[in-house]
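Remarks on the structure that follows.
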Ligand code: ADP
């Protein structure tokens, strides 16, 4: 099998849909790389299909029959003479078997090595790896068994409340908070069964549940040849059901000392792993203390806020790192400036857009697959757009986000635009002092405020 690394690729298959597929296609075009889109029959009129140079239908609407069918995607890539596959976010982006299949078919996977994906995809192994590099990890256990009396003892030592997590979990799914010892064994069994059916792996572990931490993460870009750049941190503390709603960079809760300490552990770890492409290392923070949580071995939804503060196109560097083993950034010369905020725009209902007005002006970015008259199918993730702003500091960025949310009009489907405006203008959010439980706790207030 020919080794195609070190060569400039001419055509990439984008194994995804919606806004992230559009995002990748845009950068590829700027790089002079042709793109092939894949689509389910529900997505025939999706913007990513319209923007790509070629498009191949890979199956019916359910993602289990289209976007998750590895063989169909590989066939599409080979048939259209692609040299590489970009997995985007979600779907097969962290599936080591898919990365292997791509490689075994002589194609380049835009991501780290399959073995690295496998190691980091297992949260128990990832915690052990991080600890090896001196990163503090959330106090917790290895894989546990509900029938093993040692499990109860270990949990007791952590102190309740604890959180049971799936080793293979993701997307905020498969987590159960347990506040009483007598509820532990049953919840481990339920969590394990859920993990088995959702992630095909019933392994679960226990962590100390932190009541109201901040979620902070570092954006990493690495070329696989020893160069590991950190593009600062993102704060993703505003969450609902453990899913992120608003992200910003820098974090209002991270000091220079914390940022440096997180990077001091993360960089050697990514170097040692010969990590390639874009990745994110996630932490929970309480005051100045921070604890490793997991690594996402792919680009993340919230990457644009880091692109703004670092002045770097992350997708471009990811493609260069994975196809040529080099990047255009010097890890020692990353300069961070200004403040960027992202609001995720989610659809509460599927349907056809009757009106769309997109905000603009300096420092406003709208990443989306929406266009006037387009259809939002019911089969996929509810996120339909990301509104991102950039300004000199947090105060100016917040004013800009408020202005941009006011300009954004999406009619024909129900969305969370108004709710995002409510959060942006909430005095607690404005002051920047809050934790991951904050939004869930005030949701009722939001409901009444509408
Ligand atoms: P996923 O991979 O599903 O996104 P993560 O491990 O990244 O799961 O956790 C997602 C969110 O769940 C965190 O941002 C945080 O809000 C919550 N969470 C996870 N672990 C803990 C913990 N030990 N204590 C408190 N909250 C936690």
On the first, second and third principal axes, largest extent first, how far apart are the outermost C-alpha atoms of the stretch 235-283 in Å? 34, 24, 15
Relative to the present Cα-Cα distance, how much length would full extension add between residue 153 and residue 8 at 0.36 nm per residue of separation? 46.7 nm
Pop a pseudo-label 7 angstrom from the Cα along the beta-carbon direction at both residue 264 and residue 75 and give the gap in nm to one decimal. 5.4 nm
Dividing the helical contributions, -39500 (n - 2.57) per DSSP H run of n ≥ 4, by the residues of the chain yields a 222 nm value, nearest 500 deg cm²/dmol, of -10500 deg cm²/dmol
Can you tell me the FRET efficiency between residue 65 and residue 105 if r is taken as the Cβ-Cβ distance and R0 is 22 Å, rounded to the nearest 0.05? 0.60
Give the span of the stretch 158-280's Cα atoms along each principal axis, as three whole-Å numbers ordered largest to smallest. 47, 31, 27
Take the alpha carbon atoms of the stretch 212-267, find their center, do the same for the stretch 42-72, and report the distance between the two centers in whole angstrom. 32 Å
Multiply the residue separation of residue 189 and residue 357 by 0.36 nm, subtract the distance between their alpha-carbon atoms, and state the gained length in nm to one decimal. 55.6 nm
I want the antiparallel fraction of DSSP beta bridges within the chain, as a percent rounded to 5. 80 percent
What whole-number value in cubic angstrom gives the convex hull volume per residue for the C-alpha atoms of the chain? 139 Å³
Shape metrics for the stretch 18-174, restricted to C-alpha atoms - Rg then Dmax, Å: 19.9, 60
So, in nm, how far is label residue 399 from label residue 44 when the simple model puts each one 7 Å beyond its Cα toward the Cβ? 4.9 nm
Roughly how many whole Å is it from the C-alpha centroid of the stretch 18-36 to that of the stretch 278-335? 19 Å
Based on alpha-carbon centroids, what's the gap between the stretch 346-424 and the stretch 141-177 in Å, whole number please? 37 Å
Sticking to Cα atoms, compute the Rg of the stretch 1-110 to one decimal and its Dmax as the biggest Cα-Cα distance, whole number, in Å. 12.6, 37
Quick one, what does Rg over Rh come out to for the stretch 274-339 if you take C-alpha atoms and the Kirkwood Rh? 1.00
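Every read-out reported here was derived from the displayed coordinates using simple, explicitly stated rules and does not represent laboratory data. Note that the coordinates shown come from a computational prediction; the quantities given were computed from them, not determined experimentally. Here the Cβ is made from the backbone with ideal geometry for all residues, glycine too, and neighbour counts use every protein chain on show.
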